[in-house]
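Visitor: Structure below; questions to follow.
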There are 4 protein chains.
Amino acid sequence: MGIRLGENQYGKAEVRLVHVNRDTDVHRIKDVNVTSQLRGDLETVHTLGDNTTCLPTDTQKNTVYAKAREWGGVGAIEDFALRLARHFVGEHDYVDGARQEIHEYAWDRITTPDGPHDHAFSRRGGETRTTVVTKDAEGEWVVSGLEGLTVLKSTGSEFHGYPRTRYTTLQETTDRILATDVSARWRYVGVDHDYDAVYASVRALMLEAFANTHSLALQQSLYEMGRSVLKSHPEIAEVRFSMPNKHHFLVDLSPFGLDNPNEVFFAADRPYGKIEATVERDDAPAPGNAWKTVPGFL
Amino acid sequence: MGIRLGENQYGKAEVRLVHVNRDTDVHRIKDVNVTSQLRGDLETVHTLGDNTTCLPTDTQKNTVYAKAREWGGVGAIEDFALRLARHFVGEHDYVDGARQEIHEYAWDRITTPDGPHDHAFSRRGGETRTTVVTKDAEGEWVVSGLEGLTVLKSTGSEFHGYPRTRYTTLQETTDRILATDVSARWRYVGVDHDYDAVYASVRALMLEAFANTHSLALQQSLYEMGRSVLKSHPEIAEVRFSMPNKHHFLVDLSPFGLDNPNEVFFAADRPYGKIEATVERDDAPAPGNAWKTVPGFL
Amino acid sequence: MGIRLGENQYGKAEVRLVHVNRDTDVHRIKDVNVTSQLRGDLETVHTLGDNTTCLPTDTQKNTVYAKAREWGGVGAIEDFALRLARHFVGEHDYVDGARQEIHEYAWDRITTPDGPHDHAFSRRGGETRTTVVTKDAEGEWVVSGLEGLTVLKSTGSEFHGYPRTRYTTLQETTDRILATDVSARWRYVGVDHDYDAVYASVRALMLEAFANTHSLALQQSLYEMGRSVLKSHPEIAEVRFSMPNKHHFLVDLSPFGLDNPNEVFFAADRPYGKIEATVERDDAPAPGNAWKTVPGFL
Amino acid sequence: MGIRLGENQYGKAEVRLVHVNRDTDVHRIKDVNVTSQLRGDLETVHTLGDNTTCLPTDTQKNTVYAKAREWGGVGAIEDFALRLARHFVGEHDYVDGARQEIHEYAWDRITTPDGPHDHAFSRRGGETRTTVVTKDAEGEWVVSGLEGLTVLKSTGSEFHGYPRTRYTTLQETTDRILATDVSARWRYVGVDHDYDAVYASVRALMLEAFANTHSLALQQSLYEMGRSVLKSHPEIAEVRFSMPNKHHFLVDLSPFGLDNPNEVFFAADRPYGKIEATVERDDAPAPGNAWKTVPGFL
């Protein structure tokens, strides 16, 4: 019996970078959070503390900032992550794989009575755009997504027909509030895409499908959201969702002599439903290592 | 020497209420977080555990939900808080004061290719609207505000001319990023106002003043934001701000042979500047107990 | 009518300082979070952006680190805060007041089979120790406290005898779980104390009083905790508590043919009770400005 | 080309359960957070909203509470998770797999001058104990762990000998602070173990290895921690770690005429190093589906 090093990776997490494009007086800003991790010949780093093949995490951080300048900005986060991954793997023979994760926070230009301001912005809130790029000897993969897109339907949601057991107390309903925080990740086929355009389209399609699906189960809404994306985007092979069912319980006002015709709700925190599923093409190319280091439900 | 009970209050915190207005098929929703606290003759509750004068916090919670139904909805959070305060003080002779704090989260109607949806919404993110209503034997006060309005200027901000001491290392600058999360509270004169309209106007004025002030200090931006609000809103006596200076440090790229003409920044977390100030009218009525139980910097 | 600057203060928040005492091979560490704020002649900083009297927040940060070295460590956080306040007010004629808030995180020495380790530590978790020192032309005040001391009694707590109204649904109980996160602040009389010893004693007295009080209301437990502290500590004038009632609801298992003799509970998040009160000496000296800038319920 | 449902699971997350053992007057409490998820024949739930095979998440929640009563308590979280998984899969023919994740929060009995108290407790803080049990047609797997064990060495850590590139600015050091939050998961061989005893031992071994390893890289400390566990615990096949390098930067006090012999440090938040690795036996049985739904770095 022996003990050995298994899979591993290391790097610098949450490198907060804001880039200001000042090409004209009308500035544009890009606000991202980069986590760079590398793989390679790291056996003796772990077993002996020999750092000969360990590109410091501090150097990874410096590289992120330097490249944002060298490359004239960040661009689509998928493209920036791909270029970083290629740089790290291409420049150092002791690095044979890279995982670059980037989160992007959106800002809106402030509008005053004089019109859109040249260089003043307010943070949008709402969802975060994400990407994880994996590169190794076998290929390159891009998995993009969004987190924290909170949506709610005040009607158009039912839940009934489920099995009843010894432990069932839930009442069936033909009209409830349906609310969730959409977290989704989609795997691209290939790496050359207009990522910004696809992101905007995917987000809009998800919102539309959520809104227009008369829902008999949150699973059904989820599936329709994935299906809608895949129908319009051949460059996407699959979508993985993790969506809480954020319960809004109708408050029983009858002790106070009041009815409650689906008007007054208690928005609960915990526990919550947790619905996770993949919607995929039946002819999609194999995922390879796309999901190997992507946290998720599968 | 004796030991005694001093100031006190109690209640139910964070009653999460979502109200759906279904007057027409085009639903409207209101998403609020209510903290109800009461004051009164509570000496023996504390010293003996005698609950004769202790309206349970559970009952306060029930009241919030019941009143949302009885009153046909929530309306402006200030009005809802005032009505709750009057109910609690008016109905129970052992209650002589109330503090009702409400936070409101904004939602946007989802727009699909078919237009605005009747009953599907996405949470806006961005700032939270707040109010604290205080009512006691001496009067009623309304202090409203906002939290978490994150703004940034990519230029138009300088910082220099400060005293230099033994512990000074900061370099002067005539061009920096200025970023902050605006937290503000404003005290109303009187209690009859179109609170929704004032809120929208105050928010817009703050954004405009932040954007248009060429800033020599974050304090100056803060002051202009307060001044702009007071100039347009005679019903507001004072504005109190607490604003972090969210440092964005220019990254030194010279070790890599690169310049950095205010393009690449590190967005730091801690420490941060913390700027707090009141902007007020010199002829405003005295605050009375408006701020007595309002957490803030003063 | 004119608009003017009201009360204000500014500084650097959350300066994270870890000091290692290496006087012997048995190291000691001190882990604190310092927020320094100053007051003074800051009118034109706000109105004109004239920083002549604005000691930069960056300089305040530098001072915290430098003084930790000059003074050979941090010592009791109250003493460090007092010395910082005196430094800032004493050294700069444009500074006439200071507020120094410090939070301290406790660490335990790691014990191995060889005994306590010389220089390895694990963070204790549990409560944070706090202090706020205020200094101005009128005096010096020390308010210390603790946050996040979570305690629970699995019996020995009742709640009944409260008024019943139209909105009452709560059932009376003679046996419930009582749980809370203790947040407390106590005001010292004078500024020369063995703060570390008092802190340890206050903490122990609060735990003992919470444990040994057969509770008819959370207010009663709170009061006994404060009374116990004041009885033993003449140097403390008052204690202010803010304590959530963290509800643990007995789960109704009767639909499953099961009883539940106070064994299975649902630990709820929101809403929660919120109990706030002061316990004080009737002959305590006036608080002066001790609480002027201390966030709290009063 | 067709679109189809891929991998999926659903359930109730964060069921907060506190169990009080009242067998004697000396109560014992167990505080856990259960996330139950099921797999099975869920195609038409997603595609049609047909819930015939969808055991409601509400029923899963009820089951957790009922079983805590039926089984006379929770016991080791691994055993409770295994029993829940077997119940869900065994009782319902439309359920063919279960994932049960449990987090446990530790409490200490309060000690007063009269000794340990019968029924009063304080929450310990520090790390959370975790387990994820996966059960499907192929078998049962237990992966346990801990999160949030924060440790620090004030000396006995070096970092040098790393490659220098165009983007290197880091200085080598032979004496630095090493600090991390240990997150670890270990996979058991088989499912019959004294889980409580193993947990206590693993935790102690990790602390000892962290303390006693003279570290040339955080990777080396990690590896020694894993190796120490595997050497003593044949029932563990592998340990996976994710450990931030929580940077403590030596403050440059030279501008103030002060030296800083490794005494005054700035504890930084972001970015941080992120070190992830597996330490495993070379003859361990294959993991099967143990890690299939366990979030982690691999």
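Visitor: I'd like to compare C:137-143, C:264-270: which one has the highest average count of other Cβ atoms within 10 Å, and what's the full order after that?
Guide: Highest to lowest by the protection proxy: C:264-270, C:137-143.
Visitor: Turning to a different aspect of this structure: Please give the average number of partner chain Cβ atoms lying within 10 Å of the Cβ of each residue in B:184-196, rounded to a whole number.
Guide: Numbers: counts 0, 0, 0, 0, 0, 0, 0, 0, 0, 0, 0, 0, 0.
So the per-residue partner count for this stretch is 0.
Visitor: Calculate I(q)/I(0) for segment C:1-137 by the Debye formula, one identical point scatterer on each C-alpha and no solvent, and give its log10 at q = 0.10, 0.14, 0.21, 0.22 Å⁻¹ to two decimals.
Guide: Each listed q maps to, in turn, -0.42, -0.70, -1.22, -1.29.
Visitor: Can you compute 3J(HN,Hα) from phi for each residue in segment C:214-231, using the Karplus curve 6.51 cos²θ - 1.76 cosθ + 1.60 with θ = phi - 60°, rounded to whole Hz and x for Gly and Pro?
Guide: After applying 6.51 cos²θ - 1.76 cosθ + 1.60, I find 6, 9, 9, 6, 4, 4, 5, 4, 4, 4, 5, 5, x, 5, 4, 5, 5, 5 Hz.
Visitor: On to the next question. So how many Å³ per residue does the convex hull of the Cα atoms of segment C:89-196 work out to?
Guide: Expressed per residue, the convex hull around the Cα atoms of segment C:89-196 is 252 Å³.
Visitor: While we're looking at this one, here's another question. Could you please point out the chain B residue with its Cβ nearest to the axis of the rotation taking chain B onto chain A, and the distance in whole angstrom?
Guide: Nearest to the symmetry axis by Cβ: B:Gly125, 1.
Visitor: Moving on. For the protein assembly as shown, what is the convex hull volume of the alpha-carbon atoms per residue, in Å³?
Guide: Per-residue hull volume (Cα only) is 171 Å³.
Visitor: Another question, if that's okay. List, largest first, the extents of the alpha carbons of segment B:141-286 along their principal axes, each in whole Å.
Guide: 63, 32, 24
Visitor: Nearest 10 degrees is fine. How inclined is helix A:57-70 to the longest principal axis of chain A, computing both from alpha carbons?
Guide: 90
Visitor: Between C:Pro261, C:Pro287, C:Pro163, find the one with the highest GNM mean-square fluctuation for chain C; connect C-alpha pairs within less than 10 Å.
Guide: The residue with the greatest mean-square fluctuation here is C:Pro163.
Visitor: Between copies, how close do the A:Glu235 label points come, placed 7 Å along Cα→Cβ, listed in nm from shortest?
Guide: Its label point is 5.1, 5.2, 6.9 nm from the equivalent points in the other copies.
Visitor: In whole Å and largest first, what semi-axes does the C-alpha gyration tensor of segment A:1-80 yield when each eigenvalue is scaled by 5 and square-rooted?
Guide: 36, 11, 9
Visitor: Got the C:Leu48 label distances to the other copies yet, label 7 Å along Cα→Cβ, in nm, shortest first?
Guide: From this label point to the equivalent ones elsewhere in the assembly: 6.4, 6.8, 8.0 nm.
Visitor: A further question follows. Ratio of segment B:159-224's C-alpha Rg to 2.2 N^0.38 Å, to two decimals? Walk me through the numbers on the way to the answer.
Guide: Values: Rg = 16.8 Å, N = 66, 2.2 N^0.38 = 10.8 Å.
Normalised Cα radius of gyration, segment B:159-224: 1.55.
Visitor: Sort D:53-61, C:197-205, A:82-90 by packing, meaning the average of other beta carbons within 10 Å per residue, with the highest value first.
Guide: On the way: D:53-61: 23.7, C:197-205: 17.2, A:82-90: 20.0.
Result, highest mean Cβ count within 10 Å first: D:53-61, A:82-90, C:197-205.
Visitor: If each Cα of chain C is one equal point scatterer, what is log10 of I(q)/I(0) from the Debye formula at q = 0.09, 0.11, 0.12 Å⁻¹?
Guide: Taking Cα atoms of chain C as identical point scatterers yields -0.58, -0.81, -0.92.
Visitor: Within straight cross-link reach of B:Lys153, meaning Cα distance under 18 Å, which lysines are found once same-chain residues fewer than 8 apart are removed?
Guide: A:Lys30, B:Lys246, B:Lys274
Visitor: To continue, here is another question. When each copy gets a label point 7 Å from Cα toward the beta-carbon at C:Gly2, what are the spacings between them in nm, shortest first?
Guide: Computed spacing set for this position: 4.8, 8.1, 8.5 nm.
Visitor: Rounded to two decimals, what is the ratio between the C-alpha radius of gyration of segment B:37-100 and 2.2 N^0.38 Å?
Guide: 1.19
Visitor: Report, as an integer, the average count of C-beta atoms from other chains found within 10 Å of each Cβ along C:214-220.
Guide: Neighbouring Cβ atoms belonging to other protein chains average 6 per residue here.
Visitor: Then there's this: Across segment D:180-192, in residue order, what do the Karplus-derived ³J(HN,Hα) couplings come to in whole Hz, using 6.51 cos²θ - 1.76 cosθ + 1.60 with θ = phi - 60° and x for Gly and Pro?
Guide: With coefficients 6.51, -1.76 and 1.60, one gets 7, 9, 6, 10, 9, 9, 10, 9, 7, 8, x, 10, 10 Hz.
Visitor: Also, I was wondering about something else. Which ³J(HN,Hα) values in Hz, rounded to whole numbers, follow from the phi angles of segment D:97-103 under the Karplus curve 6.51 cos²θ - 1.76 cosθ + 1.60, where θ = phi - 60° and Gly and Pro get x?
Guide: x, 9, 10, 10, 10, 10, 10
Visitor: So what's the convex hull volume per residue for the Cα atoms of segment B:99-154, in Å³? Don't skip to the end; give the middle numbers.
Guide: Numbers: hull volume 7.0 nm³, N = 56.
Considering the Cα atoms of segment B:99-154, their hull volume per residue is 125 Å³.
Visitor: Roughly how crowded by other chains is peptide A:254-267, in terms of the mean Cβ count from those chains within 10 Å of each of its Cβ atoms?
Guide: 6
Readers should treat all values here as calculations from the given coordinates under stated rules, not as data from a laboratory. The structure presented is a predicted model; accordingly, all values stated were derived computationally and were not measured. Glycine gets a Cβ as well: all are built from the backbone with ideal geometry, and neighbour counts include every protein chain shown.
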